[in-house]
Structures are given as C-alpha cells and as structure tokens.
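Please find one structure pasted underneath; my questions will follow.
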Amino acid sequence: MLRPDLIRLVAKRNKTDLLQAELVVEAIVDCLKEALRRGERIEIRGLGSFHVHGYKGYRGRNPKTGEHGNGCDVAYPLSAVDRCDIPCHLTRCC
C-alpha cells in the first residue's frame, strides 16, 4: 500500500474528504519521522516496530592506492513486522 492508497482509505473509513485525510496521514508520518530522528523506538501493536540503528565509522583503506581514510558514522532505520496479525502462510512461521 502506498501513501495515496492510505489517504484514500482513511478518507473512506472516516467519511471525510481527501484533503482532511491527507493532513491526518501527513501529521502521523511526520510525527513518526521526528521520533526516529530523535533516536526513539516506535512500536505499533499489530503492525510492527521501528528504530534507528547506528554504528561508528571505522578506519578504512583504499585497496587501489593504499590510502587510509576515516569512515563516517552511519545510521539507518530498521523495522520488524509484528507477526501476530499476519496469516501464517505469508510468514512461514507455522
């Protein structure tokens, strides 16, 4: 499901126009992004959890030139799907 699909679904379920639904979806997504930027962990029951994982940069070497360089710190988002609400034939957990 893409963001426009979610907006249409929110509008339909709440019997509201697309503009109002878009504002709601954008507000939720913005809040989630800000929480991840602050390094917080997000858990939505029935959907999954999200957090940012990071590691320190390391000293690397260019194999062609032999030149040493320092790597930057890296942070990337991770997610884990909550398997409780997903049918077993899709998760292969049974």
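Taking θ = phi - 60°, what integer Hz values does the Karplus form 6.51 cos²θ - 1.76 cosθ + 1.60 yield along the stretch 7-23, in sequence order, with x for Gly and Pro?
Per residue, the Karplus-derived 3J(HN,Hα) values read 4, 5, 5, 5, 5, 5, 5, 9, 6, 10, 7, 5, 5, 5, 5, 5, 4 Hz.
Using Cα positions and a limit of under 30 Å, work out the lysines in reach of Lys64, with same-chain residues fewer than 8 apart set aside.
Lys56
Loop only per DSSP, at most 16 neighbouring Cβ atoms within 10 Å: give me the trypsin sites (Lys or Arg not before Pro) in the stretch 1-57, ordered by residue number.
Listed in order of number, the matching sites are Lys15, Arg38, Arg41, Arg45, Lys56.
For the chain, what does the relative contact order come out to in percent, with C-alpha contacts under 8 Å and a separation of six or more?
Details: 98 pairs, mean separation 18.0, N = 94.
After rounding, I find 19 percent.
Read-outs: derived from the displayed coordinates by stated rules, not from any lab. If you're wondering where the values come from, they're calculated on a predicted model, not measured in any experiment. FYI the Cβ positions are ideal-geometry reconstructions off the backbone, even for glycines, and counts take in every protein chain you see.
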